[in-house]
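Notes follow the structure.
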Protein chains: 2
Amino acid sequence: MRKHELTVLKIGGSVITDKNGKMAARTKDIDRLAEEIHRSGTQSLIIVHGGGSFGHPSAQKYRIKEGFEDSSQKIGFSETHNVMTMLNGLLMACLIEHKVPAVSIAPSSCIITENGRISHFDDSVIINLLKMSFTPVLYGDAVLDTKRGFTILSGDQLVTSLAIRFNAERIVIGVDVNGLYDADPKTERTARILSHLNLEELKELQGQLCKPKSCDVTGGMLGKIVELLPAAEHCIPITLVNASKPENICRVLEGKKVEGTLIAKG
Amino acid sequence: MRKHELTVLKIGGSVITDKNGKMAARTKDIDRLAEEIHRSGTQSLIIVHGGGSFGHPSAQKYRIKEGFEDSSQKIGFSETHNVMTMLNGLLMACLIEHKVPAVSIAPSSCIITENGRISHFDDSVIINLLKMSFTPVLYGDAVLDTKRGFTILSGDQLVTSLAIRFNAERIVIGVDVNGLYDADPKTERTARILSHLNLEELKELQGQLCKPKSCDVTGGMLGKIVELLPAAEHCIPITLVNASKPENICRVLEGKKVEGTLIAKG
């Protein structure tokens, strides 16, 4: 895989679902994003999406992230994976409708974690899909874990793992805010977007970032930043952009300037 | 895995879909089968299902089985896999509703074929799911192929591969007929069910079997038998039973006698 090709695009769960509902898909946004991805003409692309109001309620109810403690959780593991495949199916249908040659890869079918970190990843199919110019689509998922029995693998951990593994040119993180702020914009009116951050600034910020009030089993913005750090350390630039705003994803994929936060090593 | 445990259950595409429609799921039958599987109390179980009117129309339209010939087929590969995940999702939802701890394994995420035969199969997740008494559910799928680019992996090839790999105690094949006939029951009124066949008789019959008139990209009954032969040679008994008839699957899983065809080596 040549360095100048691959983009790993993350679509946050809050962009494609309404976190206040239960299994409430934002179908218009899903369709809009699929059309924007198609229109951008991005040739080498991996998409990863989050769980939002599909994966999180089941995962929390059955404490899947914490691991296997009693057998009543087993049906919760089944359910969490199944609702994620349902959300994935909605995105896949739109991508295919817009002629994006997308192929879903179920993380729980080929990845096993150890204490929540990817320890086994059979990426043979993804390698070959990329060679054939297909667009693999993965998602945050309930996966087996060698220590905990099972756990939750976040889309953010997946993004970093895929970007490093396939030597991506860049990572694009589509969220439902305009970028990374220097304070919590919900409580501080003076909060401003950080348009550019290097690794040192990012690490400094890490301690200051406040956790979001909304509950999120995969971690909020803080967890996201922690997960993305290794990619930045591998010199893979990361752009955080508001994917809920029309045209942003198309523009950023085309390499055009968009409001957001660019994280780069240097 | 102890020999006396595992059952590999195939549910034919024609049992859970109407092959005369397009993406016409037999939802009542899917729910009934899920309830029967639950009620049978089978502890160690792998389920494999076919594609019926979900997978076959796309697979045929785009000639997926024949392999990659031109780029217009790519969206067909995406579509074929996607409709299979949709059919799988209907079964998964019913299994989980009936408290079967079922976890779907996407064959195209962990299997690659060479000229249509499984050549790479990362079964790590299935091994661990079985250890934890989950029920892995697989299906006929569009998969990548090292020689053809891509192809169709039939549920029948998967059944045999899984049964041999995990040293299954038995295979149950749920179809929409009462068993294997000595002639085509649709054209010959004297056709009778063969209630018991050994390997030699099966091989003899192979040449005589007529291909079904209905088109089936994974092969009809003849293809099914050819795919199952290696399992019979590994001394894994195979029961063909009519899964469209209520109670048959529950009874056969419970080890009770049911009309059908038993294929055994000796």
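The values are calculated or read from the model by the stated rules, or taken from the named source; none is laboratory data. For clarity, every value in this text was computed on a predicted model and none was experimentally measured. Backbone-built Cβ (ideal geometry, glycine too); neighbour counts: all protein chains shown. Protein only, heavy atoms only, side chains kept; ligands, DNA and RNA dropped before computing areas. Shrake-Rupley method; radii C 1.70, N 1.55, O 1.52, S 1.80 Å.
Would you please name the residue that is surrounded by the most Cβ atoms within 10 Å (Cβ to Cβ), looking only at residues in the stretch B:186-207 that are in contact (Cβ under 8 Å) with a residue 24 or more places away in the chain and not in a strand (DSSP E or B)?
B:L202
May I ask you to verify whether A:S40 is open to solvent by 10 Å² or more (accessible area, probe 1.4 Å), within 14 Å of the chain's Cα centre (by Cα) and touching a residue at least 40 places away in the same chain (Cβ under 8 Å)?
For A:S40, the condition - open to solvent by 10 Å² or more (accessible area, probe 1.4 Å), within 14 Å of the chain's Cα centre (by Cα) and touching a residue at least 40 places away in the same chain (Cβ under 8 Å) - is not met.
Does A:I112 satisfy the criteria of being open to solvent by 30 Å² or more (accessible area, probe 1.4 Å), touching a residue at least 24 places away in the same chain (Cβ under 8 Å) and among the β-branched types (V, I, T)?
So A:I112 does not fit the description; no.
From B:A183, B:A168, grab the single residue that is open to solvent by less than 30 Å² (accessible area, probe 1.4 Å), in contact (Cβ under 8 Å) with a residue 40 or more places away in the chain and more than 14 Å from every other protein chain (Cβ to nearest Cβ).
Only one candidate qualifies: B:A168.
Quick one: which of A:I118, A:I105 is facing chain B (nearest Cβ under 7 Å), at negative phi and either surrounded by fewer than 18 Cβ atoms within 10 Å (Cβ to Cβ) or of a type outside the set (D, E, K, R) (or both)?
A:I105
Checking the structure you have, find out if any residue of the stretch A:71-78 is farther than 27 Å from A:K19 by Cα and modelled with pLDDT under 95.
Taking every residue of the stretch A:71-78 in turn, at least one turns out to be farther than 27 Å from A:K19 by Cα and modelled with pLDDT under 95.
Confirm whether A:F77 is within 16 Å of the chain's Cα centre (by Cα), farther than 20 Å from B:H81 by Cα and either within 14 Å of chain B (Cβ to nearest Cβ) or surrounded by fewer than 20 Cβ atoms within 10 Å (Cβ to Cβ) (or both).
So A:F77 fails the test.
Out of (1) touching a Gly at 6+ places or on another chain (Cβ under 7 Å); (2) over 14 Å from A:A142 (Cβ atoms), what's the single condition that is false for A:M84?
For A:M84, the exception is condition (2).
For the stretch B:1-37, name all the residues that are under 17 Å from B:E97 (Cα atoms) and without any contact (Cβ under 8 Å) to a residue 40 or more places away in the chain.
Answer for the stretch B:1-37, where residues must be under 17 Å from B:E97 (Cα atoms) and without any contact (Cβ under 8 Å) to a residue 40 or more places away in the chain: B:R26, B:K28.
With respect to A:L91, is the statement that it is more than 8 Å from every other protein chain (Cβ to nearest Cβ) and under 30 Å from A:I37 (Cα atoms) true?
Considered against the rule, which asks whether it is more than 8 Å from every other protein chain (Cβ to nearest Cβ) and under 30 Å from A:I37 (Cα atoms), A:L91 comes out as yes.
Pull up the stretch B:132-165, narrow it to residues that are in contact with a Pro (Cβ under 7 Å, 6 or more places away or on another chain) and more than 14 Å from chain A (Cβ to nearest Cβ), then point me to the one that is farthest from B:L229 (Cα to Cα).
Applying the filter and picking the extreme gives B:I164.
Can you tell me which residues in the stretch B:222-252 are of a type in the set (G, A, S) and under 15 Å from the mean Cα position of the chain (by Cα)?
Within the stretch B:222-252, B:G223, B:A231, B:A243, B:S244 meet the criteria.
Restricting the search to the stretch B:121-160, which residues are open to solvent by 10 Å² or more (accessible area, probe 1.4 Å), charged (D, E, K, R) and farther than 21 Å from B:E69 by Cα?
Of everything in the stretch B:121-160, those that are open to solvent by 10 Å² or more (accessible area, probe 1.4 Å), charged (D, E, K, R) and farther than 21 Å from B:E69 by Cα turn out to be B:D122, B:D123, B:K131.
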